[in-house]
Structure formats: C-alpha cells, structure tokens
Amino acid sequence: EDVLLPTDEKRLISGYIATVRAHYALTNEEIPRAIQQAQEALRLLPGDRYFTRGTAAVALGGAYWAIGDRSSAEQAFAECATNALKGGYPLRASSALCYVGMQRAKQAKLLKAQEAYRKALALSQGPGGKYFPNAGYPLVKLGELACEWNDMEQARRNVERGLNYCLQLGHVDLLAEAHVARARVQLAQRDFAGAEETLQRADQLLRETNVDPWTVCWLDDCRLRLWLSTGRQEEAISWAEMSGLRVDDQFNYQHDLEHTNLARVLVAQAMRQPRGTPLDEALHLLDRLLAAAEAAGWIHEEIKILVLQSLARQARGDREGAFRALAQALALAEPDGYVRIFINEGSPMGELLRQASARGINPDYVNRLLAALEPEMADELPLTQSASAALIEPLSER
C-alpha cells in the first residue's frame with residue numbers, strides 16, 4: 001500500500017535516492033547514468049540542503065572528469081564547495097576545493113591550483129591554528145606542486161605532513177593519493193628504496209579495497225618510472241604485457257589516460273632498440289593520446305605526451321620532429337613554471353635540452369631546466385653507464 005507523503009518530502013527523498021545512485025553509478029563506471037542521476041538529484045533537492053546538494057555535485061564533477069569535460073567538472077566541484085560553505089561544512093568545502101585544484105592542474109594552471117589548495121588548507125584549520133586530519137589532502141597536493149617546481153624540501157615536508165594526516169583520517173582514496181605524492185617526491189630525490197617501500201604500502205591498500213581508477217594510473221606511472229630508472233626494464237615490459245592495454249584501445253579519461261603509461265614503456269624499449277615495432281607503436285599511440293588530451297583541454301597531459309614524443313623521435317633519429325615536440329611542450333609548460341615533468345626524464349632529456357639551447361629554442365627557460373637537471377645527471381651517471389653496458393646484450397624476441 002502506497003504511503004501518502006507531502007510533495008516536498010517526496011522530492012527530498014527522491015533527491016537523496018538519486019544522489020546515492022549517482023555515486024554508485026560513478027563507482028561502477030556507469031558514467032551516463034551517474035550524470036543523469038546527479039543532475040536529477042540537484043533538480044529535486046531544495047536549495048537549503050547544502051550538504052546533500054554538495055554530495056550530488058561531487059558525483060557530477062567526477063562523472064564529467066570521466067568524460068574529459070574539465071570545465072564542467074571544475075564547475076561542479078566549485079558548486080559543492082559553495083554549498084558546503086553556505087551550510088557551514090568547511091571540511092566538505094576543503095575537499096571539494098582540492099578537486100577544483102586538480103582540474104586546474106589538468107589545465108596546467110598550477111598557480112591557480114595552488115590558490116585552491118591553499119584555500120582548502122585554510123578551511124581545515126580549527127581554533128588555535130590546529131589542523132584537522134582533513135588538512136592531509138590539501139597538504140599532499142601542495143607538496144606535489146612544490147615537487148613539480150623542484151622545491152624538494154618544501155615538497156617533502158608537505159607530503160610527509162599530509163600523509164600523516166591522511167593516515168589519521170583513514171579515507172582510503174585520499175591515503176592512496178598521498179602515497180602517490182610521496183612516491184613522486186622520493187623518485188625525484190632518487191630515493192628508490194623509499195619509493196619501492198611506499199609503492200608496496202599502496203599496493204597493500206589496493207589489495208584490501210578499490211580506490212579511484214585515476215589513482216591506480218598514477219601508482220602505475222610511479223612504478224614504471226622506478227623500474228626504468230633502476231635498470232629493471234624487463235619488469236616494465238612484463239607490466240605492459242599483463243596490463244591488458246593495447247595501442248588501438250579506446251581511451252578512458254576516468255583512468256586518466258592510462259595508456260600514457262603503456263607509451264612510456266614503448267618509448268623506453270624504443271630508446272634501447274630504435275628500429276622496430278616498439279618505436280612505431282609508441283609514436284602511433286602518442287599521436288592518439290595527444291589528440292585525446294587536446295580534446296579534453298588537459299594541457300598537463302599534453303606536456304607529458306609531448307615530452308615522450310620528443311624522446312621517441314630522438315630515438316628514431318628524427319631530430320626536427322623531436323625539437324618540434326619539445327618546443328611545443330616548453331611553450332605550454334613555461335607559463336606556470338614546470339620543471340620536473342622535463343628533468344624527471346634524465347640524461348636523454350638533458351641531451352635534447354642542450355641541443356635546444358644551442359638552437360635558441362626558448363633559451364631562458366631551457367637553461368633554467370638544464371641548471372636544475374645538471375646535478376641530477378651527475379648522480380645518474382653510474383646508473384647510465386651500467387644501463388649502457390647492459391645494452392651490449394641484444395633484446396630477446398619477447
């Protein structure tokens with residue numbers, strides 16, 4: 001027998017149900033349904049239901065992220081922050097502002113992202129200046145920015161503090177992202193043993209529960225860079241074979257264009273064996289990835305892909321193509337001061353940058369990058385020599 005309820009109460013209950021369904025659909029990667037249910041929730045919920053409207057807006061933002069609509073995603077996350085502040089929920093607003101910052105970082109607007117993270121951190125501060133555990137997320141994100149700008153001491157401090165707060169909070173997705181940030185800092189500092197330990201801890205989380213798919217992509221990126229930096233190319237190749245990723249797959253924005261990780265492995269193979277299938281596949285895949293990143297306005301990914309393109313074309317002996325890709329990456333990266341996205345690539349990128357400087361390509365910026373890379377190349381030399389020696393042995397058919 002139907003229960004008779006006032007119309008307003010029916011709308012409210014229906015709005016709650018739509019909010020739950022939106023998050024469930026997003027978790028199950030049913031993106032069109034997630035968008036439809038989140039929009040329905042926002043239509044039904046009264047304007048003064050700030051917390052629930054914010055929850056629906058987060059689902060909507062995540063769904064827009066999953067289809068590569070970064071403008072709508074940022075708008076939805078900003079709406080969540082606004083609703084949370086109106087309703088007196090500063091900690092909810094703090095996490096929403098972190099998502100706003102992440103969308104800005106996707107657009108290579110690092111200074112704007114920093115502004116959002118700082119606002120998020122301020123909202124996580126209680127009476128007497130003491131931070132709540134929610135401060136962990138913005139601290140981790142600020143640490144990642146400091147790492148990209150090569151301020152490694154600030155990066156380490158923020159990430160370690162952020163990780164400790166995330167451990168207190170116990171939110172698995174945020175804790176997994178904190179491990180990503182820590183691994184990135186450790187890799188930048190060539191603390192390979194520390195990065196290995198951090199990734200093992202993250203893997204333990206992944207075995208116990210599901211986390212956001214983009215976080216899995218980031219962890220794989222860290223894992224591959226660790227292996228390739230320490231001469232463990234066979235482990236990277238094995239990962240590529242077991243990943244299920246193929247160069248002609250349809251791309252997935254919710255998984256943060258995870259095929260970029262496959263491209264990194266193929267480029268690494270091509271740099272060891274400049275002629276053959278890996279190089280052809282790498283260039284084909286990178287062309288497709290670049291188009292996908294451009295379509296979404298994900299300039300950060302464009303820079304990363306162009307950097308890999310420049311290395312792949314350098315491996316082929318296509319010097320002009322390598323410099324075209326590098327010049328395009330430099331032009332996109334300079335306004336907000338990217339550093340590590342280039343110098344993380346080590347001596348092959350150093351060689352390209354030296355030649356770019358000699359050609360007069362963006363000389364001031366290139367020379368700043370070379371100055372940052374020079375001490376790291378000195379540290380890298382023993383590893384590079386051993387890796388070069390290993391290349392005397394031909395690659396197996398596998």
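The values are calculated or read from the model by the stated rules, or taken from the named source; none is laboratory data. Remember, it's a predicted structure, so these values are computed and weren't measured experimentally. When we count neighbours, we look across all protein chains shown, and the Cβ atoms used for this are built from the backbone with ideal geometry, even at glycine. Keep in mind that these areas ignore ligands, DNA and RNA; they rest on the heavy atoms of the full protein, side chains included. Shrake-Rupley method; radii C 1.70, N 1.55, O 1.52, S 1.80 Å.
Summary of values
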| item | result |
| --- | --- |
| Identity of the residue in the range 97-115, part of a loop (DSSP other than H, G, I, E, B) and either of a type outside the set (Gly, Ala, Ser) or over 12 Å from the mean Cα position of the chain (by Cα) (or both), that ends up nearest to Trp298 (Cα to Cα) | Gln107 |
| Matching residues in the range 299-356 - criterion: being of a type in the set (Gly, Ala, Ser), buried (at least 16 other Cβ atoms within 10 Å of the Cβ) and not in a helix (DSSP H, G or I) | Gly346 |
| Single match in Ala188, Ala96 (criterion: in contact with a Cys (Cβ under 6 Å, 6 or more places away or on another chain), of a type in the set (A, V, I, L, M) and more than 26 Å from Gly68 (Cβ to Cβ)) | Ala188 |
| Which numbered condition Arg288 fails, given (1) touching a Leu at 6+ places or on another chain (Cβ under 6 Å); (2) touching a residue at least 24 places away in the same chain (Cβ under 8 Å) | (1) |
| The range 221-247 - residue that is in a loop (DSSP other than H, G, I, E, B) and without any contact (Cβ under 8 Å) to a residue 24 or more places away in the chain and, of those, nearest to Ala66 (Cα to Cα) | Leu245 |
| Residue among Val185, Val211 that is within 16 Å of the chain's Cα centre (by Cα), free of Cβ contacts under 8 Å to residues at least 60 places away in the same chain, within 23 Å of His300 (Cβ to Cβ) and not in a helix (DSSP H, G or I) | Val211 |
| Test: residue in the range 9-21 that is touching a helix residue (DSSP H, G or I) at 6+ places or on another chain (Cβ under 6 Å), open to solvent by less than 60 Å² (accessible area, probe 1.4 Å) and either aliphatic (A, V, I, L, M) or closer than 24 Å to His171 by Cα (or both) | yes |
| Residues that are among the small types (Gly, Ala, Ser), open to solvent by 20 Å² or more (accessible area, probe 1.4 Å) and assigned to a helix (DSSP H, G or I), drawn from the range 28-78 | Ser71, Ser72, Ala78 |
| Inter-residue pairs, beta-carbon under 6 Å, first in contact (Cβ under 8 Å) with a residue 40 or more places away in the chain and closer than 18 Å to Ala96 by Cα and in the range 38-55, second open to solvent by 50 Å² or more (accessible area, probe 1.4 Å) and not hydrophobic (A, V, I, L, M, F, W, C), 6+ apart | Phe51/Tyr89; Gly54/Arg92 |
| Residue match in the range 252-267 (condition: over 26 Å from Thr215 (Cβ atoms), without any contact (Cβ under 8 Å) to a residue 60 or more places away in the chain, in a loop (DSSP other than H, G, I, E, B) and open to solvent by 30 Å² or more (accessible area, probe 1.4 Å)) | no |
| So Gly360, is it surrounded by fewer than 17 Cβ atoms within 10 Å (Cβ to Cβ) and outside any helix (DSSP H, G or I) | yes |
| Neighbours by Cβ (under 8 Å, 6+ apart or cross-chain): first from the range 339-362, in contact (Cβ under 8 Å) with a residue 40 or more places away in the chain; second open to solvent by 30 Å² or more (accessible area, probe 1.4 Å) and of a type in the set (Val, Ile, Thr) | Gly346/Thr384 |
| Residue, nearest to the chain's Cα centre (by Cα), within the range 116-130, restricted to residues that are open to solvent by 30 Å² or more (accessible area, probe 1.4 Å) and modelled with pLDDT under 95 | Gln125 |
| Criterion (touching an Asp or Glu at 6+ places or on another chain (Cβ under 8 Å), part of a helix (DSSP H, G or I) and among the acidic types (Asp, Glu)) met by exactly one of Asp203, Asp173 | Asp173 |
| Within the range 282-298, tally of residues that are of a type in the set (Asp, Glu) and surrounded by 20 or more Cβ atoms within 10 Å (Cβ to Cβ) | 0 |
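Results for (1) closer than 28 Å to Gly101 by Cα; (2) not hydrophobic (A, V, I, L, M, F, W, C), shown as yes or no for each residue.
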| residue | (1), (2) |
| --- | --- |
| Leu332 | yes, no |
| Glu345 | yes, yes |
| Ala358 | no, no |
| Tyr365 | yes, yes |
| Glu374 | no, yes |
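Quick grid of which residues meet (1) β-branched (Val, Ile, Thr); (2) crowded, with 22+ Cβ neighbours inside 10 Å; (3) at pLDDT below 95:
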site: Leu139; (1), (2), (3): no, yes, no
site: Asp151; (1), (2), (3): no, no, no
site: Gln154; (1), (2), (3): no, no, no
site: Gly170; (1), (2), (3): no, no, yes
site: Glu177; (1), (2), (3): no, yes, no
